[in-house]
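The values are calculated or read from the model by the stated rules, or taken from the named source; none is laboratory data. Treat the numbers as computed from the prediction; the structure is a model and nothing was measured. FYI the Cβ positions are ideal-geometry reconstructions off the backbone, even for glycines, and counts take in every protein chain you see. Note: areas computed on protein heavy atoms with side chains; ligands, DNA, RNA excluded. Shrake-Rupley method; radii C 1.70, N 1.55, O 1.52, S 1.80 Å.
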Amino acid sequence: MGESIDDAAGEAFDKTAKLMGLDYPGGPLLSKLAEKGTPGRFKFPRPMTDRPGLDMSFSGLKTFTANTIAANGDDEQTRADIALAFEEAVCATLAIKCKRALEQTGLKRIVMAGGVSANRRLRAELKTLADKMGGEVYYPRTEFCTDNGAMIAYAGMQRLKNGDTVDLLVQATPRWPIDQLEPIK
């Protein structure tokens with residue numbers, strides 16, 4: 001229904017954390033820093049929410065964060081305030097897009113996955129949204145909220161067990177649509 005046209009939300013968290021000098025994976029560290037932030041000091045844009053549709057873009061928000069860091073110094077409280085504003089913007093954007101998706105489909109369930117689904121603010125916002133719309137939100141326990149590396153490795157193992165192999169000259173296909181992948185027989 002919608003997709004990221006550049007950085008995914010989790011990728012934006014990690015890249016923004018790097019801008020702030022945090023280790024990888026940066027999403028959890030940025031969120032921890034955001035807990036010390038002053039609400040309302042900075043207000044970041046909600047990307048692509050002024051347009052119809054469900055596509056998302058977070059690279060501009062990352063640039064906005066970099067510019068905010070450059071213009072406001074690098075003391076610990078400022079970094080925390082910027083982290084909070086960034087986290088609020090990403091979570092609000094995802095909630096807005098989820099609300100649109102529920103309205104367009106008439107469905108009442110939200111299912112979260114991936115590393116960003118461990119974010120407490122996002123979980124709370126989507127729970128509030130689901131409650132307001134008479135729906136439900138589902139997500140894995142936080143220890144299972146990781147990036148897709150493990151899933152990709154597992155899928156590769158299943159293909160190898162099935163005898164599916166290719167030579168080492170294979171062309172990588174980023175963002176490979178799942179409907180273009182031959183099923184395992």
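Centre-to-centre separation between the Cα atoms of region 10-66 and those of region 73-116: 9 Å.
Could you tell me the calculated FRET efficiency between D179 and E143, based on Cβ-Cβ distance and R0 = 41 angstrom, to the nearest 0.05?
Plugging the Cβ-Cβ distance into 1/(1 + (r/R0)^6) gives 0.85.
With the simple spin-label model, which puts each label point 7 Å out from Cα in the Cβ direction, the V111 to E35 separation comes to 3.0 nm. Straight-line cross-link partners of K97 among the lysines, defined as a Cα under 25 Å from its Cα and at least 8 positions apart when in the same chain: K15, K32, K43, K62, K108, K127, K132.
Please work out the Kirkwood hydrodynamic radius for the chain, using every pair of different C-alpha atoms, and report it in angstroms with one decimal place. Write down the numbers at each step before the final one.
Values: mean 1/r = 0.0552 Å⁻¹.
Every distinct Cα pair counted, the radius reaches 18.1 Å.
How much length would be gained if the chain were fully extended between D23 and D55, taking 0.36 nm per residue of separation minus their Cα-Cα distance, in nm to one decimal?
Fully extending the segment from D23 to D55 adds 8.7 nm.
Scanning the chain for long hydrophobic helices, with DSSP H runs required to stretch 24 angstrom or more by C-alpha along their axis and to average at least -1.0 on the Kyte-Doolittle scale, returns 76-105.
Scanning residues 5 or more positions from I110 or on other chains, those with amide H under 5 Å from its amide H are E136, V137, Y138, with H placed 1.01 Å from N in the peptide plane. Maximal additional length on extending the T165-Q77 stretch stands at 26.5 nm, based on 0.36 nm per residue less the C-alpha distance.
Of the trypsin sites (Lys or Arg not before Pro) found in region 52-140, those that fall in a DSSP loop while having at most 16 other beta-carbon atoms within 10 Å are K108.
With a 1.4 Å probe and all protein chains left in place, how much accessible area per residue does region 64-163 have, in Å²?
So region 64-163 comes to 56 Å² accessible per residue, rounded to a whole number.
Surface composition of region 10-61: carbon plus sulfur atoms contribute 56% of the solvent-accessible area (1.4 Å probe, protein chains only, all chains present).
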